[in-house]
Amino acid sequence: MPEDPHIQAIVEAVIDGDPDASAEAAQSALDANMDPLEILNEGLMSGADEVGKRFENGEYFLPELMLAGRALKSAMEVVKPALLKKFEGTENKVKGKVIAATIQTDIHDIGKNIVSSMLTAAGYEVTDMGVDVQIKSIIDKAEEIGAQAICLSALLTTSMPFMKDLIETLKARGLRKKYIVLVGGASVTESWATHIGADGTARNAADAVKLAHEKIGM
């Protein structure tokens, strides 16, 4: 557990799946003048990572995963205005259209929701397609809205190969060069991203925004 009591309270609230406690802890941290990025990365993401590990190990199941997601959403509603204010003042702010989705056969949405919120705060137009989204649906939506990037999430190792399938489908349709494909999730590594031909991955939501700036920058 982290040493800072504010961060510890956020992590515990996420793990416990308590939306009221998570929102209260997030507000308390902001009132203590903590950096919203620290709250996000050290608090919310750390809690999300622990929940993901417990789900992968069979300690947590779908109900716990859904409760944790609600706790994260509740806290993000508190932190998001501070994040927006922080990013509004940066010179690196760029706008682009992004598709975000948890790949088919995977119902995990905690990390995706946080990254979507961060990208939105940073000035991107994010179309969040939800969880267990079919490859064809993702690509068709990207074509429909004229997206520059497709961000894919997966928690389950059994779902990760579908990320590669999406990239291969883009190639088959002659669309690979048209889209930046970014992948993420608890089990996703840089070597995996390279192996499947993705354009990158990030360790956390803040790094995901930086990566988007680098890859999509207009």
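The values are calculated or read from the model by the stated rules, or taken from the named source; none is laboratory data. Predicted, not measured: the structure shown is a model, and the values here were computed from it. Positions of Cβ are generated from backbone atoms using ideal geometry, with glycine treated the same way; all protein chains shown enter the neighbour counts.
General remarks:
- Meets criteria (of a type in the set (S, T, Y), closer than 14 Å to A206 by Cβ and modelled with pLDDT of 85 or more) for S116: yes
- Selected residue [touching a Gly at 6+ places or on another chain (Cβ under 6 Å), of a type in the set (S, T, Y) and in the same structural domain as Q148 (by TED's automatic domain parsing)] from T194, T201: T201
- Qualifying residue in region 190-205 (condition: loosely packed, with under 14 Cβ neighbours inside 10 Å and among the hydroxyl-bearing types (S, T, Y)): yes
- Failed item, numbered, when M129 is tested on (1) more than 21 Å from L40 (Cβ to Cβ); (2) buried (at least 23 other Cβ atoms within 10 Å of the Cβ); (3) not aromatic (F, W, Y): (2)
- Test for A186: is it under 16 Å from S116 (Cβ atoms), in the same structural domain as D140 (by TED's automatic domain parsing) and touching a residue at least 60 places away in the same chain (Cβ under 8 Å): no
- Residues being modelled with pLDDT under 95 and part of a helix (DSSP H, G or I) - total across region 30-62: 22
- Of the residues I110, I135, the single one that is aliphatic (A, V, I, L, M), out of contact with any Ser or Thr (no Cβ under 6 Å at 6 or more places or on another chain) and either touching a residue at least 24 places away in the same chain (Cβ under 8 Å) or closer than 21 Å to I196 by Cα (or both) is I110.
- Residue within region 32-42 that is of a type in the set (A, V, I, L, M, F, W, C), within 19 Å of A205 (Cα to Cα), touching a Ser or Thr at 6+ places or on another chain (Cβ under 8 Å) and not assigned by TED's automatic domain parsing to the domain that holds N113 present: no
- Single residue of V79, V126 found to be in contact with a Leu (Cβ under 8 Å, 6 or more places away or on another chain), over 21 Å from M66 (Cβ atoms) and modelled with pLDDT of 85 or more: V126
- Residues that are modelled with pLDDT under 95 and polar (S, T, N, Q), drawn from region 154-192: T157, T158, S159, S187, T189
- Matching entry among E50, E144, E125 (being of a type in the set (D, E) and not assigned by TED's automatic domain parsing to the domain that holds A193): E50
Each row is one residue, and each column tells you yes or no for (1) assigned to a helix (DSSP H, G or I); (2) surrounded by fewer than 24 Cβ atoms within 10 Å (Cβ to Cβ).
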position: E3; (1), (2): no, yes
position: S28; (1), (2): yes, yes
position: E64; (1), (2): yes, yes
position: A68; (1), (2): yes, no
position: I107; (1), (2): no, yes
position: K112; (1), (2): yes, no
